[in-house]
Amino acid sequence: MDYYVKAKQALEKIRDRDDFLVLAVETSCDETAVAVTRGRKVISSVVSSQIDIHRRFGGVVPEIASRNHITAIDAIVKNALNEAGVSLSGIDVIAVTYGAGLLGALLVGVAYAKALAYTLGKPLIAVNHIKGHIAANYISEPGLQPPYICLLASGGHTSILKVNSFADITEIGSTQDDAVGEAFDKVARVLGLTYPGGPEIEKLAKEGRPTYTLPRAFKGEGEYNFSFSGLKTAVINLVENCRARGEEIRREDLAASFQTEVADLLTSKAVTAAREHGIKTIALAGGVGANGPLRELLKQRGEAGNIRVLLPPRYLCTDNAAMIGVAAYEEIKAGASPASLDLDADPAL
Ligand code: KG4
Ligand code: ZN
């Protein structure tokens, strides 16, 4: 029988069940990640980070990322299966991130997942990386039901989303230029810190106080839009002007000032969005969601406004495959069709 017909039939057989097993693959950036999930539960999750390889280049080198995914993926799949105590034949669905991300890196996961789905005769579910980040909240809060506001803050995206259902998500605000994680990484570089910059800035800021005045990271017509490019440039100019004058920069204070500004802006907009849309829950998502002061401020401001704030544990905020597996489960429940073997990576999804 034709693969696609078989995959469709197999998916219809399990759609109404909650106990099917998903093997999820995520290779959109510099983490080779594989997980086994069942419903909103994580059975195993393995993340192999390439950060140490890319650090010496000050950022992710796409070609190196793809090559390392190729060499790592097979072993990571085996580890995830071993940890879950299941064999490939026990897997019901293959899920894979097909965008957004680095083209070459995505292609490794997509090609691998297609081959696996084809040889096993199992349905393949194509997952949008952003929806994966959102789905991390279902792992830490299995009872979560839309509607809710999602503050998405990652290395590639910064948005305020209104989640009406998993199949119906509207963006009510977004960055007009840099993503917030990108701004963290660039500011970190100017401060002489290593990649990825977010955790480094957080660490340095603990020793400082927000004594520098920086411009509001806001631009655009929409009330919920952001701009981080101006803020980033202000930090760069401040550092360069100080150097030119032979003055010393208080790096820890500048890190604290930048971080405070970012946390203030993201949280105030998310809370306003929830209030103005009459929504009582805010969920945080994306790598920058691992930032301590951002988490604390969101919780504090949300609760002051009688809004429940969901903060997935940090390891679920940064890239992982467990969130991709759970997103695939949600997609199946929302009526998704399996992907065909023509599935292509979509870096700009
Ligand atoms: O979501 P993610 O893991 O990958 C993308 O989909 O982009 O986000 C990566 C971004 C990087 O820019 C990194 O610096 C930032 O998340 N990040 C943080 C923290 N941990 C990771 N930013 C601020 N504070 C953190 N603790
Ligand atoms: Zn991500």
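The values are calculated or read from the model by the stated rules, or taken from the named source; none is laboratory data. Since the model is a prediction, treat every value here as computed from it, not as a measurement. Here Cβ is always computed from backbone atoms with ideal geometry, including for glycine, and neighbour counts include all displayed protein chains. Note: accessible area is taken over every heavy atom of the protein model, side chains too, but ligands, DNA and RNA are not part of it. Shrake-Rupley method; radii C 1.70, N 1.55, O 1.52, S 1.80 Å.
When you look at LEU106, is it of a type outside the set (Ser, Thr, Tyr), touching a Ser or Thr at 6+ places or on another chain (Cβ under 7 Å), on the phi < 0 side of the Ramachandran plot and open to solvent by less than 10 Å² (accessible area, probe 1.4 Å), yes or no? For LEU106, the condition - of a type outside the set (Ser, Thr, Tyr), touching a Ser or Thr at 6+ places or on another chain (Cβ under 7 Å), on the phi < 0 side of the Ramachandran plot and open to solvent by less than 10 Å² (accessible area, probe 1.4 Å) - is met.
When the criteria are applied in full, ALA65 fails the requirement of being open to solvent by 10 Å² or more (accessible area, probe 1.4 Å), in a helix (DSSP H, G or I) and touching a residue at least 40 places away in the same chain (Cβ under 8 Å).
Residues that are free of Cβ contacts under 8 Å to residues at least 24 places away in the same chain and either crowded, with 18+ Cβ neighbours inside 10 Å or not aliphatic (A, V, I, L, M) (or both) do occur in segment 323-343.
Looking only at residues of segment 136-164 that are within 12 Å of ligand 2 (Cβ to nearest atom) and not hydroxyl-bearing (Ser, Thr, Tyr), we find that the one that is farthest from SER227 (Cα to Cα) is ALA136. For segment 295-304, check the following and say yes or no: at least one residue is in contact (Cβ under 8 Å) with a residue 24 or more places away in the chain, outside any helix (DSSP H, G or I) and in contact with a helix residue (DSSP H, G or I) (Cβ under 9 Å, 6 or more places away or on another chain). No, segment 295-304 has no match at all.
Evaluate the following for ALA33: is it surrounded by 16 or more Cβ atoms within 10 Å (Cβ to Cβ), under 17 Å from GLY287 (Cα atoms) and small (Gly, Ala, Ser)? Yes: the conditions hold for ALA33. Screening segment 287-313 for residues that are open to solvent by less than 20 Å² (accessible area, probe 1.4 Å) and not aliphatic (A, V, I, L, M) and picking the one that is farthest from ligand 1 (Cβ to nearest atom) gives GLY302. Restricting the first member to segment 9-23 and to residues that are closer than 22 Å to ALA84 by Cα, and the second to residues that are among the aromatic types (Phe, Trp, Tyr) and open to solvent by less than 100 Å² (accessible area, probe 1.4 Å), the beta-carbon pairs closer than 7 Å and six or more apart or on different chains are ILE14/PHE20; VAL22/TYR329.
Only one entry in SER174, SER257 is within 15 Å of ligand 1 (Cβ to nearest atom) and open to solvent by less than 10 Å² (accessible area, probe 1.4 Å), namely SER257.
Residues of segment 36-57 that are assigned to a helix (DSSP H, G or I) and either crowded, with 16+ Cβ neighbours inside 10 Å or within 16 Å of ligand 2 (Cβ to nearest atom) (or both): ILE51, HIS54. Without any contact (Cβ under 8 Å) to a residue 24 or more places away in the chain, over 16 Å from the mean Cα position of the chain (by Cα) and surrounded by fewer than 20 Cβ atoms within 10 Å (Cβ to Cβ): does that describe ILE70? Spelling it out, it is not the case that ILE70 is without any contact (Cβ under 8 Å) to a residue 24 or more places away in the chain, over 16 Å from the mean Cα position of the chain (by Cα) and surrounded by fewer than 20 Cβ atoms within 10 Å (Cβ to Cβ).
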